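The values are calculated or read from the model by the stated rules, or taken from the named source; none is laboratory data. Values in this document were obtained by computation on a predicted structure and should not be read as measured data. Cβ: placed from backbone, ideal geometry, glycine included. Neighbour counts: every protein chain shown. For the accessible areas, the whole protein counts, side chains as well, though only heavy atoms, and no ligand, DNA or RNA atoms are used. Shrake-Rupley method; radii C 1.70, N 1.55, O 1.52, S 1.80 Å.
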Amino acid sequence: MFSPDQENHPSKAPVKYGELIVLGYNGSLPNGDRGRRKSRFALFKRPKANGVKPSTVHIACTPQAAKAISNKDQHSISYTLSRVQTVVVEYTHDSNTDMFQIGRSTESPIDFVVTDTVPGSQSNSETQSVQSTISRFACRIICERNPPFTARIYAAGFDSSKNIFLGEKAAKWKTSDGQMDGLTTNGVLVMHPRNGFTEDSKPGVWREISVCGNVFSLRETRSAQQRGKMVENETNQLQDGSLIDLCGATLLWRTAEGLSRTPTVKHLEALRQEINAARPQCPVGFNTLAFPSMKRKDVVDEKQPWVYLSCGHVHGYHNWGNKEERDGKDRECPMCRSVGPYVPLWLGCEAGFYVDAGPPTHVFSPCGHVCSEKTTAYWSQIPLPHGTHTFHAACPFCAHQLSGEQGYIRLIFQGPLD
C-alpha cells in the first residue's frame, strides 16, 4: 500500500493507521467539530516516533522515592500497593511506535478529547450537565510505524507529568513474570467483531483491557475491585470494526484499509439524489417527498419523508389519524391501519458506520435514521455497554436505544421507487 522508502519522500501522503469514530454522532458533533474535540479522529504516522515501552521496575519504593522517580523527565506508571509501598515502572522511548492518547481532559497529552454521548442530543449544552464517567486520561493506542502498522490499545493515558497513577483503590496485581498490571476505575472495554467489519460481521465478546494491554473477561460491575479472568488467547490488537467503550462514549476503530472499502460521503450523497430523483410521493397528500441535503440534518424540512415505524409506510407530514396527539405519539397508518410511532426520516451521513454500500432502504426504530439493510441488521445485533452493567443495541448515528422486534424496519415508498 505504501512504498518502503516513503520516509524519504515527504511530499507523499502520510501513512494513515486508522480512524476512531464516536458512536452517536451523524458526521459531526452537534455544534460542529472543533480542534481535538470532534466526532472522528484520524491517526497518522507522526513525523517523529513518540511511543514508549516499559524499562526499569522500582519495587518497594516509599512514597517519597516513588515521587522522585515520577518527577524524572520520562514516562512512568505508579502502582500504589499501600501507604508505605509503591511500585514504579519507568517507560523509555520506543522509536518503532507512535502513541495516541484519548480521554476527557483537554490537557496537551490528550490527542482526541471525548465527552459523554447523550443519546439524540442536538447541542453540546445538553451533554455538559451530565456527571462524566469517562476518565480524564482514558486510554492510549500504540501503532507500529512499520507495515502492517498494527494498532494496540491499553487502558489509561499518561498525564501532563508523563505519569499514570493507580491509587490504593484501583484493581492491581503482580503478574506471573513479576511485572505489575492493573485496571482503571471504570475500565476500557473492547469488542472485536467476528469476520471483520463487513456485511458478514457478527458481534464478538466484550472484554476488558488492562493498563499493560492484557485481556480479561468483564468484572461483575463496571468498577468492581475484583478483576475478571485473564483471556490468554485474545490480544489487545485492534482490527477493523473493533469497538472501544470508555464508560460514557463508545468509539469505532476503522483501519485505513477498511475505510478504503467503505462508501464515501459522495456515494451517500449520490444515493440521496437517486431516491429524490425517483420522486417518492405521500400516499395521502400526493406531494413529492425529498430527503434534505446532508448539511441540513437537524431541521425538519417541509418535503421531509416521515415513516410509520410499525409498518414502514413512508408519508409526508400530515395530521391524518390523530389530531390531538402529534409528534412522536402513536399514530394510525392510513395505508394499513397499523398503529405505532410516526417519525421523520434522516439519512445516516457518517459513512464509517456503513458495513456495505447498499441503498438506504431500512430505518432504525425509534429514531428514524436511514441506511442500508446490512448496516441496520449489523448494528441491531451489537450489544453496546450502557451504564455500569447493562448492554443494549443502539443506532450508531444518534445512540438511541433500539426498539421494536428487530430494532429496524424496511421502508415502503409510494410511487415509482418500489
Q. Within the range 116-132, can one find any residue that is closer than 30 Å to ALA66 by Cα and either open to solvent by 20 Å² or more (accessible area, probe 1.4 Å) or not in a strand (DSSP E or B) (or both)?
A. yes
Q) Does THR264 qualify as being under 20 Å from the mean Cα position of the chain (by Cα), at pLDDT below 95, farther than 21 Å from PRO203 by Cα and open to solvent by 30 Å² or more (accessible area, probe 1.4 Å)? A) yes
Q | Subset of the range 102-116 that is in contact with a Phe, Trp or Tyr (Cβ under 8 Å, 6 or more places away or on another chain) and of a type in the set (A, V, I, L, M) - its residue that is farthest from LEU251 (Cα to Cα) | A | ILE110
Q: Report yes if PRO396 is assigned to a loop (DSSP other than H, G, I, E, B) and open to solvent by less than 50 Å² (accessible area, probe 1.4 Å), otherwise no.
A: yes
Q: Identify the residue in the range 167-210 that is of a type in the set (Lys, Arg) and closer than 26 Å to THR390 by Cβ and, among all such residues, is most open to solvent (accessible area, probe 1.4 Å).
A: LYS169
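The rows are residues; the columns are (1) part of a loop (DSSP other than H, G, I, E, B); (2) open to solvent by 20 Å² or more (accessible area, probe 1.4 Å).
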| site | (1), (2) |
| --- | --- |
| ARG254 | no, no |
| GLY258 | no, no |
| GLU269 | no, yes |
| GLU274 | no, yes |
| VAL284 | yes, yes |
| LYS303 | yes, yes |
| CYS311 | yes, yes |
| VAL314 | no, no |
| TYR317 | yes, yes |
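So, GLY27, is that one surrounded by 17 or more Cβ atoms within 10 Å (Cβ to Cβ), at pLDDT below 90, in a loop (DSSP other than H, G, I, E, B) and not aromatic (Phe, Trp, Tyr) or not?
Values: surrounded by 17 or more Cβ atoms within 10 Å (Cβ to Cβ): yes; at pLDDT below 90: yes; in a loop (DSSP other than H, G, I, E, B): yes; not aromatic (Phe, Trp, Tyr): yes.
Criteria met by GLY27.
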Q. Yes or no: GLY213 in a loop (DSSP other than H, G, I, E, B), farther than 15 Å from THR388 by Cα, open to solvent by less than 20 Å² (accessible area, probe 1.4 Å) and small (Gly, Ala, Ser)?
A. yes
Q: Go through (1) in contact (Cβ under 8 Å) with a residue 12 or more places away in the chain; (2) in a loop (DSSP other than H, G, I, E, B) one by one and return the number of the condition SER176 breaks.
A: (1)
Q. So ILE244 clears everything in (1) of a type in the set (A, V, I, L, M, F, W, C); (2) part of a loop (DSSP other than H, G, I, E, B); (3) buried (at least 19 other Cβ atoms within 10 Å of the Cβ) except one condition, right? Which one?
A. (2)
**Q.** Scope the range 52-70; condition modelled with pLDDT of 75 or more and either open to solvent by 60 Å² or more (accessible area, probe 1.4 Å) or under 11 Å from PHE165 (Cα atoms) (or both); matching residues
**A.** LYS53, PRO54, THR56, ILE59, THR62, ALA66, LYS67
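Does GLU7 satisfy being in a strand (DSSP E or B), over 28 Å from the mean Cα position of the chain (by Cα) and either of a type in the set (Val, Ile, Thr) or modelled with pLDDT under 95 (or both)?
Here the answer is no, as GLU7 does not meet what is asked.
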